[in-house]
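Take a look at the structure below.
The values are calculated or read from the model by the stated rules, or taken from the named source; none is laboratory data. Predicted, not measured: the structure shown is a model, and the values here were computed from it. Reconstructed Cβ throughout: ideal geometry from the backbone, glycine too, with neighbour counts over all protein chains shown. Calculation scope for accessible area: heavy atoms of the full protein, side chains included, ligands and nucleic acids excluded. Shrake-Rupley method; radii C 1.70, N 1.55, O 1.52, S 1.80 Å.
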Amino acid sequence: MNFIMTVCGYPFGWLMYGLYHLVSNYGVALVLFTLVVKVLLFPLGLKQQKSTIKMQMIQPKVQEIQAKYKNNQAKMNEELQALYSKENYNPMSGCGPTLIQFPVIFGLLDVVYKPLTHLLRLSSENISALSAVATDLGVSMTGYAPQINIYQSVMQNPAAYSSVGADVIQKIQSLNMNFLGLDLSGTPNLPWQGGWNWLVLIPVLSAATALLSSIISMKNSPNMGQAGASMKLMMYIMPLMSLWFTFLVPVGVGIYWTLSNVFSCIQMVILNKIYNPKEVVERMKAEEKERAERDRQERIEAKKRAKEALKNGERVEDTTYLSDKEKIKEARRRYAEKYGDEYVDD
């Protein structure tokens, strides 16, 4: 997992590095960083929304095939593939954007967890030396963000790290992790965890914005049957998970999580203005109904023309709508016409 986060974090690290040196404040850089990433992922969000709507439209047909061939898996798969081909739908198209977001998430977390690597660009040798001193001092080097623990320790007792080098200590001390009066390197505490601190507001905001994001998503989603019930369950589970997780990590991670939720809400509002799922589904259903009615009227007219032509002894161009008896009659008439015989309707 560390290897994956390191690899994915490399490009995002340079982005965060550039933003931090542009504004010289960790919190502001984090806001800009989250915004830039959300903008870059916006096309994927739009593609995923379109895929979800398309799947919702063909879901009744999918369920019909599954019920009809529930005892014949091979035939079911064959019919489903034929349906997907007819509807020009790729069942894996919705997975692509989701899968792409996993390395993005790993990369983002690596950037937030490792400010010494990505913001200060300290060498691995310097970080190893800092870790050794921190371990001797009893600083926790386990958990999600040991580099932030090192940062706090250096800020509290810089003299203890003198062996690492004055230039390294100076670099760390120059890192500004205060934002809106909050120390983003701190960890939220509840009263039974060693005393109250205002950082506890960040997990609460993280959970609240996660719930808001889920509500907006559900509000604009078409009815999805059992899948919709699962989404409603996740609407409550995700905020609770967010609340629990952000109590375990430095508040900078909670800030990122909260900002990510806020920008996700904004993104969903914009997406729903551009491509609202309910409106699109209703419009597509209306168009399908209109198309079906148009096809029905065309079949009625074609049948009338075929009957009229047969009645007048004229050539019937389309015999689709004739009865078997009428088709035989038309075939005999064509045969007589072809060989110059006289056709007698008996």
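Sort out which residues of region 145-188 are of a type in the set (A, V, I, L, M, F, W, C), buried (at least 17 other Cβ atoms within 10 Å of the Cβ) and assigned to a helix (DSSP H, G or I), and write them in order of number.
ILE148, ILE150, VAL154, VAL164, VAL168, ILE169, ILE172 - these are the residues of region 145-188 that are of a type in the set (A, V, I, L, M, F, W, C), buried (at least 17 other Cβ atoms within 10 Å of the Cβ) and assigned to a helix (DSSP H, G or I).
So which of ASN77, ASN71 is part of a loop (DSSP other than H, G, I, E, B) and surrounded by fewer than 17 Cβ atoms within 10 Å (Cβ to Cβ)?
ASN71
What number of residues in region 160-192 are in contact with a Pro (Cβ under 9 Å, 6 or more places away or on another chain) and β-branched (Val, Ile, Thr)?
Looking only at that region, the number is 3.
Say we look at region 303-321 and pick out the residues that are open to solvent by less than 70 Å² (accessible area, probe 1.4 Å) and at pLDDT 70 or above; which of these is nearest to the chain's Cα centre (by Cα)?
Ranking the qualifying residues of region 303-321, first place goes to ALA306.
Considering only region 183-192, I want to know if a residue exists there that is in contact with a Leu (Cβ under 8 Å, 6 or more places away or on another chain), among the polar types (S, T, N, Q) and at pLDDT below 80.
Yes.
Could you list, in sequence order, all residues of region 18-28 that are in contact (Cβ under 8 Å) with a residue 24 or more places away in the chain and touching a helix residue (DSSP H, G or I) at 6+ places or on another chain (Cβ under 6 Å)?
The answer is TYR20, and nothing else.
Condition test on LEU35, is it part of a helix (DSSP H, G or I) and under 30 Å from LEU180 (Cβ atoms)?
Answer is yes for this residue.
Determine if region 110-128 includes at least one residue that is among the polar types (S, T, N, Q), at pLDDT 85 or above and assigned to a loop (DSSP other than H, G, I, E, B).
yes
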